[in-house]
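Here the structure is laid out as structure tokens; the discussion comes afterwards.
The values are calculated or read from the model by the stated rules, or taken from the named source; none is laboratory data. Fair warning: this is a prediction, and the values are worked out from it, not measured in the lab. So basically every Cβ, Gly included, is an ideal-geometry build from the backbone, and we count neighbours across all protein chains shown.
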Amino acid sequence: MSTLTINHLLGIKYLNSKDLKLIFETTDHFKEVINRKIKKVPSLRDVTIANLFFENSTRTKISFELAQKRLSADVVNFSSSVSSVSKGETLIDTVNNILSMKVDMVVIRHPSPGASVFLANNVDSCIINAGDGTHEHPTQALLDAYSVKEKIGDLKNKKILIVGDILHSRVALSSIYAYQKLGAYVTVCGPKSLIPKYIESLDVKVETDLLNGLKWCDAVNMLRIQNERMSDSYFPSVREYVQQFGLNKKILDSLNKEIIIMHPGPINRGVEITSEVADSDQAIILDQVENGVAIRMAVMYLLASKLY
């Protein structure tokens, strides 16, 4: 059996193209499993997984938990708001206390960039990054790339546009790495104030005109404006942002071609994307959600196979 080159999933940066291929092939298998009448398999029956979420999450947390239960793992859920973290306990002490209860794998979401790497270097367990600050969100990028691949096949030489708050988005950075490792070209689009200065060093093009970007691309990922990560005002008003970077049906109809529309959620309907577009046949947003469970099953299964 093929194995991953990594022992933790800390970021797409650490994967190679063979790892991505193996994850996608394993996802195909688990997608078939979750569409059966009996959706559970005993693959992780002897594995205990702790979900440590230090930030609010709905889709990612539910998706991981459902994936774990589909694999028959034992699951421990941890919420920082009702834990000793609120009393001043450190991250390492929290995790080590949980690991002393014989936990094999830790899924962590944390507001600090690099938290998952820090943990992997300091605790004896398999770590999966479920989003660390503005750094990476590897399973989201995997499910996005898998969902596009499902619709248009091999991503080599395909054109992917990422629109919106690139500066604060962990999805954007992970997606750039994933698409490039799969041979696709990536362009980012948004207000100049929301495009990080380092972006061109990643061999990514910058487009400030949404229509030009849409005419160029095969698929577009519309990112949410992350107001909770902003301490300053990055554009004059939401109304102005919508006028320049919001995707609506009129713009789509003017393209004379069909493109795939993605969104990592949660959607601010009427801001980055209108309801008409979000609910259209070109949008694969609900496919992304379904594929998220299968991708996370594949990642945990492949990493668990390296535990013993």
Filter the range 89-99 down to residues that are exposed (fewer than 14 other Cβ atoms within 10 Å of the Cβ) and not in a loop (DSSP other than H, G, I, E, B), then give me how many there are.
3
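Every residue, every condition in (1) outside the structural domain of Ile127 (by TED's automatic domain parsing); (2) at pLDDT below 95; (3) more than 20 Å from Arg59 (Cα to Cα), yes or no:
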position: Leu194; (1), (2), (3): yes, yes, yes
position: Leu214; (1), (2), (3): yes, no, yes
position: Gln226; (1), (2), (3): yes, yes, no
position: Glu240; (1), (2), (3): yes, yes, yes
position: Asn248; (1), (2), (3): yes, no, yes
position: Ile259; (1), (2), (3): yes, no, yes
position: Gly265; (1), (2), (3): yes, yes, no
position: Gly270; (1), (2), (3): yes, yes, yes
position: Ile295; (1), (2), (3): no, no, no
Among the residues of the range 7-39, what is the count of those that are part of a loop (DSSP other than H, G, I, E, B) and either surrounded by 18 or more Cβ atoms within 10 Å (Cβ to Cβ) or out of contact with any Leu (no Cβ under 8 Å at 6 or more places or on another chain) (or both)?
10
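This table checks each residue for (1) part of a loop (DSSP other than H, G, I, E, B); (2) not β-branched (Val, Ile, Thr).
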| residue | (1), (2) |
| --- | --- |
| Glu200 | no, yes |
| Leu214 | no, yes |
| Asn221 | no, yes |
| Ile225 | yes, no |
| Val271 | yes, no |
| Glu290 | no, yes |
| Ile295 | no, no |
